[in-house]
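Each remark here refers to the structure printed beneath this line.
The values are calculated or read from the model by the stated rules, or taken from the named source; none is laboratory data. Everything quoted here is computed from the prediction, not taken from an experiment. All Cβ positions, glycine included, derive from the backbone under ideal geometry; neighbour counts span all protein chains shown. Areas reflect the complete protein model, heavy atoms only, side chains present, ligands, DNA and RNA absent. Shrake-Rupley method; radii C 1.70, N 1.55, O 1.52, S 1.80 Å.
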Number of protein chains: 2
Amino acid sequence: MKTEDLRYEADGLAMIGQLTWDETAGGPRPGVLVFPEAFGLGEHAMEKAERLTRELGYAALACDLHGERKVISDLAQVMPLLGPLRSDAAKVRARTGNALAALAARPQVDAARIAAIGFCFGGTMSFELALSGADIRAAVGFHSGLAVTSPGDAKEIKGKVMALLGADDPGIPPDQRAAFEATMREGGVDWQMTLYGGVVHSYTNKEADKLGRPEFARYDAAADRRSWKQMSDLFAEVMA
Amino acid sequence: MKTEDLRYEADGLAMIGQLTWDETAGGPRPGVLVFPEAFGLGEHAMEKAERLTRELGYAALACDLHGERKVISDLAQVMPLLGPLRSDAAKVRARTGNALAALAARPQVDAARIAAIGFCFGGTMSFELALSGADIRAAVGFHSGLAVTSPGDAKEIKGKVMALLGADDPGIPPDQRAAFEATMREGGVDWQMTLYGGVVHSYTNKEADKLGRPEFARYDAAADRRSWKQMSDLFAEVMA
């Protein structure tokens, strides 16, 4: 597996993503964008991107979020940075769309077969990319917030949408799920949502336990494994 | 693949199920109960049982519902027969529990590794079997009603629960999903629920289109394939 930094500009920021691909496989292969949790691009999203390459053979771009690959561990510092991305479609679409352009331009990648995944706010970003009408095969969110900037754009979605949620995630309450469901329905989207019982936020991330708030964020091995399988099954369907 | 009729008594009825198994595989293998749609045991559930044997190697019992393998095609005749099963835990548990006992007693079957699936009201029956405290590894419902006789018994559930639903199924509205979710949560169950967007009732059944009520019941090839995969993934997890 090869790994290199991939620099691109997005929303006025100097982004440093990490691209991984299997150099032993010939020809352009499908690509996957991986949007990290709200803290920024760290080990968690890079590991997921590496798994996409190692296990499934895709080229994967772990995307920068805050520029210069900054990781901000203090949630109080992160929240003000997310605000504009939650309300301004143009801003979040610049960050996701430029990541897509950077990945699609790589010779290792088949630009016609790209999907996006993301974790926490990164999952929301994958949905935002889909809402922009981008030419992606699928958008998958793991413990992803479902409040999007422009629900009225759901009819622009070209790929399939999958939300993989802890049923007890305090950050994604039932009314948010219901609103997302209505959005997808009105847009005529091919969408799926899975709820994992007894599971809360950040269930894919072993580091979550260090927060010390298990009622809010907690690693869950079964949900981690099951959600990865569901994503893999969807990719098998759409990347062919 | 071998097929034979399996007769058992349940709730005062003479049941004629259909057992399938792979006679070329040695030793007791996992078993799966397949509960049919409300009309009774017909081709649809028998085909699913055969697939469980052919594709996954399980012994499978397609279960009779109305006795003597009666199929009742008129919904107006079926509904009065379901009424007592929807309200009387003892009745529905007799029908499901005796099917389980009949399957578990077969020498081809490893009685410690049995799961139940069902379609429409048959999915509800698989959940009822789980609620009875039966020793099953999993209960999976496809377009299954979620209203159960004894939600307070959820703490008795020993296996994992999976509900695979059309998001637009008029028979399984959001408030029924919410009640099921609360039931599972209170019982501390390992449960999952997947919603398939744009999908209604009977999505696994090609015969559904003959009803001529596509807003209520309609075959959906994608949801059929995806839900089968999810069930298979769960079985791979629990039958090991």
Low-density loop positions, trypsin sites (Lys or Arg not before Pro), the stretch B:1-102 - DSSP coil, at most 16 other Cβ in 10 Å: B:LYS70
Rounded if a/c under 1.5, otherwise prolate or oblate - the stretch B:30-137, Cα gyration tensor axes: oblate
Label point distance in nm, B:SER73-B:ALA111, each placed 7 Å from Cα along Cα→Cβ: 4.0 nm
Within-15-Å neighbourhood charge of A:ALA14 [Cβ basis; K, R +1; D, E -1]: -1
Hits among aspartates and glutamates - C-alpha to C-alpha of A:LYS160 under 14 Å, sequence gap 8 or more where chains match: A:GLU128, A:ASP135, A:GLU181, A:ASP190, A:ASP233, A:GLU237
Distance from the stretch B:113-191 to the stretch A:123-195 (C-alpha centre basis), Å: 25 Å
Inter-copy label distances at B:MET79 (7 Å, Cα→Cβ; nm, one decimal): 5.2
Virtual spin-label span in nm between B:SER232 and B:ALA14, 7 Å along Cα→Cβ: 3.9 nm
Label 7 Å beyond Cα on the Cβ vector: B:GLU43 copy-to-copy distances, nm: 5.7
Which of B:THR24, B:THR149 is most accessible, then next, and so on - probe 1.4 Å: B:THR24, B:THR149
B:MET193 accessible area, assembled protein chains, probe 1.4 Å, Å²: 0 Å²
Other copies of A:PRO173: label-to-label distances in nm, shortest first, labels 7 Å along the beta-carbon direction: 2.2
Other-chain or far-sequence residues with amide H under 5 Å of B:VAL109's (modelled H): B:ARG29
Under 5 Å, built H, 5+ apart or other chain: amide partners of B:ALA10: B:MET15
FRET efficiency for B:LEU211 and A:GLN176, using Cβ-Cβ distance with R0 set to 45 Å, rounded to 0.05: 0.85
Once the Cα gyration tensor of the protein assembly as shown is diagonalised, semi-axes √(5λ) in Å: 43, 22, 20
Chain A - convex hull of the alpha-carbon atoms, volume per residue in Å³: 107 Å³
Table column - 3J(HN,Hα) (Hz), the stretch B:27-34, Karplus curve with 6.51, -1.76, 1.60, x for Gly and Pro: x, x, 10, x, x, 9, 8, 10
Net charge contributed by nearby residues that have their C-beta within less than 9 Å of A:GLY159 (K/R +1, D/E -1): +1
Length added when fully stretched, A:GLU43-A:SER87, from 0.36 nm per residue minus Cα-Cα: 13.1 nm
Cα centre as origin, Lys/Arg/Asp/Glu Cβ charges: the stretch B:86-240 dipole, Debye: 340 debye
Hits among lysines - C-alpha to C-alpha of A:LYS2 under 20 Å, sequence gap 8 or more where chains match: A:LYS48
Amide H contacts of A:ILE114 (H built 1.01 Å from N, under 5 Å, at least 5 apart or other chain): A:GLY31, A:ARG137
Mean Kyte hydropathy of -1.0 or more with a Cα span along the axis of at least 24 Å, helices from DSSP in chain B: B:221-238
